[in-house]
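For reference, the structure discussed in these notes is given below.
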There are 4 protein chains.
Amino acid sequence: MSETPKGLRARLHCALDVGRTGKLSALNMALIVAILLSVLVAVLDTEATIARPMATLFTGLDILFLVLFGVEYLARLWTAPETPRYAHPVWGRLRWMVSPAAIIDLLALAPALIFAGATPAYLFRLFRLLRILRLAKLGRFSRAWTLMAEAVASRRAELLLTLGAACMVMLVSACLLYLIEGESQPDKFGSIPRSLWWAVITMTTIGYGDVFPVTPLGKLVAALTAVAGIGLIAAPTGILAAAFSDAAQRHREAIEAECAQAELASLPPPPEA
Amino acid sequence: MSETPKGLRARLHCALDVGRTGKLSALNMALIVAILLSVLVAVLDTEATIARPMATLFTGLDILFLVLFGVEYLARLWTAPETPRYAHPVWGRLRWMVSPAAIIDLLALAPALIFAGATPAYLFRLFRLLRILRLAKLGRFSRAWTLMAEAVASRRAELLLTLGAACMVMLVSACLLYLIEGESQPDKFGSIPRSLWWAVITMTTIGYGDVFPVTPLGKLVAALTAVAGIGLIAAPTGILAAAFSDAAQRHREAIEAECAQAELASLPPPPEA
Amino acid sequence: MSETPKGLRARLHCALDVGRTGKLSALNMALIVAILLSVLVAVLDTEATIARPMATLFTGLDILFLVLFGVEYLARLWTAPETPRYAHPVWGRLRWMVSPAAIIDLLALAPALIFAGATPAYLFRLFRLLRILRLAKLGRFSRAWTLMAEAVASRRAELLLTLGAACMVMLVSACLLYLIEGESQPDKFGSIPRSLWWAVITMTTIGYGDVFPVTPLGKLVAALTAVAGIGLIAAPTGILAAAFSDAAQRHREAIEAECAQAELASLPPPPEA
Amino acid sequence: MSETPKGLRARLHCALDVGRTGKLSALNMALIVAILLSVLVAVLDTEATIARPMATLFTGLDILFLVLFGVEYLARLWTAPETPRYAHPVWGRLRWMVSPAAIIDLLALAPALIFAGATPAYLFRLFRLLRILRLAKLGRFSRAWTLMAEAVASRRAELLLTLGAACMVMLVSACLLYLIEGESQPDKFGSIPRSLWWAVITMTTIGYGDVFPVTPLGKLVAALTAVAGIGLIAAPTGILAAAFSDAAQRHREAIEAECAQAELASLPPPPEA
């Protein structure tokens, strides 16, 4: 009977895709650990003081990750038709291959493939960073991203409004400091784009300290900007926090509803078989 | 029949004013893009390293914006009587011309008009910045500003109270650091106004690093101020976030109610004609 | 009849005390402006570049404030028996004189009285700052302070708990950086109190930049502290914001209820007289 | 009768453990003050300018704390069987001795025991810091920790999701600045780990100012990171604040319910005896 392989494929698909069950399978866990490890290697590899003594280990790990993510890619390709929209064995798989998630998976394999041939140092530097894209795979492990994006989108109007207000205050502040401090610190406030760097770093309350007003009038305007910044930053923060909170609530409910449905849909056949 | 031009004027008025429909028409979108572009040109024009090689492009764009906003101004003048409070064809239009929005529109045209004659460098610098006023035009595209201002006004008492408390802590901190650090760092804490600059930058958690206490006692007071600052900044932030959230909710409801009403009011005549 | 002066005294008392009516009378407004002005003069007076050219003006204003606040003090003394707890004409007024608010009022008069005799420069510097105490008078204009303090007190347990957690993370971070960076930067991390200065400035996200780790391990611990700090600062912030919001709500309701009662209690007699 | 000593042990157990009654007994208060004092001594002892002149006092206090916490340890050992899970007089006490809380108590006694013998300076430095562990004892005074941990755990999914998003933006920002600024500031952005230090300090809005971009493109990316950081930091902040608020609410209700139950359970016997 073709029931068994189909069941295997379905189970493998389910194990690969957390969206179905709402919790992480052992395979998901292992893949997440592998992705995080591969990113860690890519990050540490840029630091010469770490990368040089561990060059052999890092190369070995990269080959291991190539094999692992290659097998994962093929497994996803095989199980793609389990998803209704990629149901056709041939066209469905082709359509899956051009989906953004699959392209990211393929790109994430690229840096490892580099080992096949010699590349100039600059290109290699860039390719190594492509490994970071593997992290985007993690997004697939949760459909919460979509829900979160929807939540933010549903408050688009408020966010645009408050961000617009913040930008306007930022621009007006930058203009004022350009007029006030432009002559005493031309390299720091000599143009509005330069003043804008100060305005962004001040209104986000980062305050590196590379640019700050030195004249009394400039300090007065900066103090008013700082106080206004709190209110203007508070608005999108509050709205975003509420939106995320709502999204999380909705996400939890959606997962629960779907799990119940999925279990109902998948359970009846086995007892009868 | 005079029905057609009146219908055209009404439709143009509706296309110019987002407040009526609650969503942005294609014309609104084009105007917003033009305003943002004109502000971008004004901002980049102050940076010599960008403005010099692109002088011809920037001048051309400014002439384009002059024509565009001039036509927009005339169109708004023509359609003004569509708004009930400017209903009279002559006096209504005159009253519209002295409304704040119309004056800002006219002022926003000023920098472009400058090209007609030569002006001294300092005046030119100021006039260039008048272009930023074009941004204020964006405010017209949403009546949410009014609602937001009302929301903030409705919590005026709480905001004043918490801001007052924050100011008092700021002032007391500045006094203490003036007394403690005034002698060891006279240029930074030598007077209360100078200490206040430190207090504002500390309590807003910006912390440029141009001024900070160096004595153990000063550091102790600064640490207490920093911790107190969190609570005192949290209060207006929380109140403002709630106010903005309420305003956004009310705004959404108001827009929906008005749209329904506006459509009811505008739709019946056409089917009968 | 003694009715008229009593009515005058009652009306003056009401005009002086905002707590009764819930809104600010013209007299309240004038007093608030005067208090703020007197503080502004006291603050600007410490800055030599401002105080020297305006010495005569500032002295004149100080004499004016002396007279004004002296008259206000006497008026409050006269109207004190209007408050039930100071009802006795003699003992009530004496008890009012030793209430904290009255003592602050008297102390706020002290710096102006200084003009009577010569004082050494150092004492004068201290006395000038006593003027700041006048600001505390503003607190009297609102009973919201009491309500706010009550609101914070009602969440004492949560606040202590979260603040305690924040302090413990701060202390552990300071200990770790003392152990890690103590030898490479002995003047900055050479003891736990010195490390604590870094921990406070980091966890409140101020980040002056006078102290920061330079070793990789120190940076790793600092990064973890920074991320933990966000959560630990968020907790008291959220609790405080909610407490303040509740207090403001309760305050508004209390004021409304009291005003209605006060008007009922004060209105009936006049129509009958 | 054996009723009296059992009652004494129960009352002592109750006085030592705040979890039972929901409020702090006088003994609890004294112990908390002693713990805080001992930590204060341990902290100040690392600062040579304070520790040297007060060496005798600090040594004396340490001996006092040794005695106090020793007695406390024995008292807790004696009263351990009052807790149902340590009910057996011998095995219960042994099991209590290996519980984390009891081990921390024993470790907290270690630094004082050091006085018995001579230790090298480096070990002594480490042992002194073990005193900080005494602070962890405070955690025992409130079962709120458990509830809080549960509250955070119940929102694990949202927190992981938002923290993951924040980490990803941090990593992408660090990569971009490594590519953009890596050549102009190799010691600051020359590798992704180095860039990550900048990204953490920027996105938490600390901004020490030891690392910041200097190229226009780097500043643009940094500005976008700063603005994105606000939203990404706002999400976990909002979720945490809500979780803490919920936990505090639940904790208060749990304490009240338990106290009522505990009083019911303990009160009936005495009236009958």
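Nothing in this text is a laboratory measurement; each read-out follows from the coordinates by a stated rule. Quantities reported herein were computed from a predicted structural model and do not represent experimental measurements. Virtual Cβ from ideal backbone geometry, glycine too; neighbours counted across all protein chains shown.
Measuring between alpha carbons in the structure, the pairs from A:188/B:219; D:188/D:219; B:188/D:188; A:188/C:188 lying more than 22 angstrom apart are A:188/B:219; B:188/D:188; A:188/C:188.
Residue C:40 label point (Cα plus 7 Å toward Cβ) to equivalent points in the other copies: 4.2, 4.3, 6.0 nm, shortest first. Label separation (residue B:106 vs residue D:253): 6.3 nm, computed from points 7 Å beyond Cα along the C-beta direction.
Between residue C:58 and residue B:11, the modelled labels are 6.9 nm apart [label points 7 Å from Cα along Cα→Cβ]. Which residues among the stretch C:69-91 fall inside the zone where the amide N is under 17 Å from a point 7 Å beyond the Cα of residue C:97, along Cα→Cβ? Answer for this model: C:70-82, C:86-91.
Between copies, the label points of residue B:103, set 7 Å from Cα on the Cα→Cβ line, lie 5.3, 5.3, 7.5 nm apart, reported in increasing order to one decimal in nanometres. What sits nearest the axis between copies C and D, counting only chain C Cβ atoms, is the residue and whole-Å distance C:209, 3. Shielding value for D:41-48 is 5, the average number of Cβ atoms from other chains within 10 Å of each residue's Cβ.
Can you pull the mean other chain C-beta count within 10 Å for peptide C:215-222? Each step should come with its number before you reach the end.
Numbers: counts 0, 6, 0, 0, 7, 4, 0, 5.
What the average comes to for C:215-222 is 3.
Report note on the peptides B:195-206, A:182-193, C:222-233: ranked by the mean count of other C-beta atoms within 10 Å, highest first, their order is B:195-206, C:222-233, A:182-193. Packing around the peptides D:42-50, C:86-94, taken as the average count of other Cβ atoms within 10 Å per residue, puts them in this order, highest first: D:42-50, C:86-94. Neighbour counts of other Cβ atoms within 10 Å put B:11, C:194 in the fewest-to-most order B:11, C:194. Computed from the C-beta positions of residue C:157 and residue D:50 and an R0 of 30 Å, the FRET efficiency is 0.35 to the nearest 0.05.
Taking each residue in B:85-92, count the Cβ atoms of any other chain within 10 Å of its Cβ, then average. What number comes out?
Mean number of neighbouring Cβ atoms from other chains: 0.
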